[in-house]
1. Of the residues Asp260, Asp193, Asp249, which single one is more than 17 Å from the chain's Cα centre (by Cα) and among the acidic types (Asp, Glu)?
2. Checking the conditions here, which among Val194, Val189, Val180, Val220 is of a type in the set (A, V, I, L, M, F, W, C), within 20 Å of Ile95 (Cβ to Cβ) and either crowded, with 22+ Cβ neighbours inside 10 Å or modelled with pLDDT of 95 or more (or both)?
3. Taking the conditions exactly as written (of a type in the set (S, T, N, Q) and either within 20 Å of the chain's Cα centre (by Cα) or surrounded by 14 or more Cβ atoms within 10 Å (Cβ to Cβ) (or both)), does Asn211 satisfy them or not?
4. Determine which single condition Val50 fails, assuming it passes every other condition in (1) more than 23 Å from Gly230 (Cβ to Cβ); (2) in contact (Cβ under 8 Å) with a residue 40 or more places away in the chain; (3) touching a Leu at 6+ places or on another chain (Cβ under 9 Å).
5. Name the single residue that is surrounded by the most Cβ atoms within 10 Å (Cβ to Cβ) among those in region 110-138 being part of a loop (DSSP other than H, G, I, E, B) and more than 17 Å from the chain's Cα centre (by Cα).
6. Output the helices (runs of 4 or more DSSP H) that fall wholly within region 175-275 and possess 3 or more residues being aliphatic (A, V, I, L, M), or say none.
7. Could you tell me whether any residue of region 160-171 is among the acidic types (Asp, Glu), buried (at least 19 other Cβ atoms within 10 Å of the Cβ) and at pLDDT 95 or above?
8. Of everything in region 139-174, what is farther than 15 Å from Ile108 by Cα, under 19 Å from the mean Cα position of the chain (by Cα), of a type in the set (A, V, I, L, M, F, W, C) and assigned to a helix (DSSP H, G or I)? Give them in sequence order.
Amino acid sequence: MRSFTKSAALCSVLSVLTLSLPLSAQEKPKLYNTAKQKLLDGKQVFSHTVSTFDPEAYCEAAKHYDYTWFEMQHATLTFADIEKMILTCPKAGAIPMIRMADELESSIQHATDIGCLGIVMPTVDTVEKALQTAKYARYPPVGRRSQGRNNGAAIWGANYRQTFNDNMLVIVMIETPTGVANAYEIAKVPGIDVVILGNSDLTNFSGFLPNDPRYQQMLVDVRDATLKAGKFYGNANANLAKDNPISKDSRFHQNGPSNDGWQPPARGGRVPTKK
């Protein structure tokens, strides 16, 4: 009886210790947002970019990348266009995300309702814009996303409402010297998951070329601020994923290599020959 009591007590202690372990030390279910899961696993992620309505091309490319960057800031795609492409081949491989044109509640609501699991908010200079972005990107109690008819359950499973918040990725882009100066305050906003540099516009707004030491210092400053806030760091320019001092910390990128060596068809429809 004494041995049984000791064993029972030991099991109880072990159970308490297991429950008190940080999430990273416990076995966690894999996310259906596989791009976010790769980030959590310490890996880099890359995309293909869709700027025009072409379901066939989208469905083919989506097989080969971590996520799809649907372009709405610099393209005329509509939410209806993107929805049709997503529903043509749901769960094609690449996780659907949109670079937004604005941070309006209605825009973020449309992006999530059509089935996207990530939004990229450009030109975030202030904490206020970061707060607005995060606010409507997730359901209560952490956010203010409205619950209504959407494609989520049909694409991602019947428990979508209960699992969406964990699977959502909210990415903000730092693209100006003002954004660089505010990077830490922006990065630490609850609900912001990833901070990336909009590398082309950073040269546009700062006047510094990419090889200017002052430009390179801004990359470092945003990297340091993002990591200090405990968030993922990245660069829109996928070339910075390697051969740069910040490459080891650069995890989220626009474009870049596919997961399996696939390349998009060259102009004229010819698939490039692999070397």
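The values are calculated or read from the model by the stated rules, or taken from the named source; none is laboratory data. Nothing here was measured: the structure is a model prediction, and the numbers come from that model. No Cβ is skipped: glycine too gets one built from the backbone with ideal geometry, and neighbour counts run over all protein chains shown.
1. Asp260
2. The match here is Val194.
3. Values: of a type in the set (S, T, N, Q): yes; either within 20 Å of the chain's Cα centre (by Cα) or surrounded by 14 or more Cβ atoms within 10 Å (Cβ to Cβ) (or both): no.
Considered against the rule, which asks whether it is of a type in the set (S, T, N, Q) and either within 20 Å of the chain's Cα centre (by Cα) or surrounded by 14 or more Cβ atoms within 10 Å (Cβ to Cβ) (or both), Asn211 comes out as no.
4. (2)
5. Applying the filter and picking the extreme gives Asp125.
6. Correct list: 183-187, 213-228.
7. Our first condition is that a residue be among the acidic types (Asp, Glu); within region 160-171, this holds for 166.
From the residues that got through so far, the ones that are buried (at least 19 other Cβ atoms within 10 Å of the Cβ) too are none.
No; the residues of region 160-171 include none that is among the acidic types (Asp, Glu), buried (at least 19 other Cβ atoms within 10 Å of the Cβ) and at pLDDT 95 or above.
8. Across region 139-174, the qualifying residues are Ile155, Trp156.
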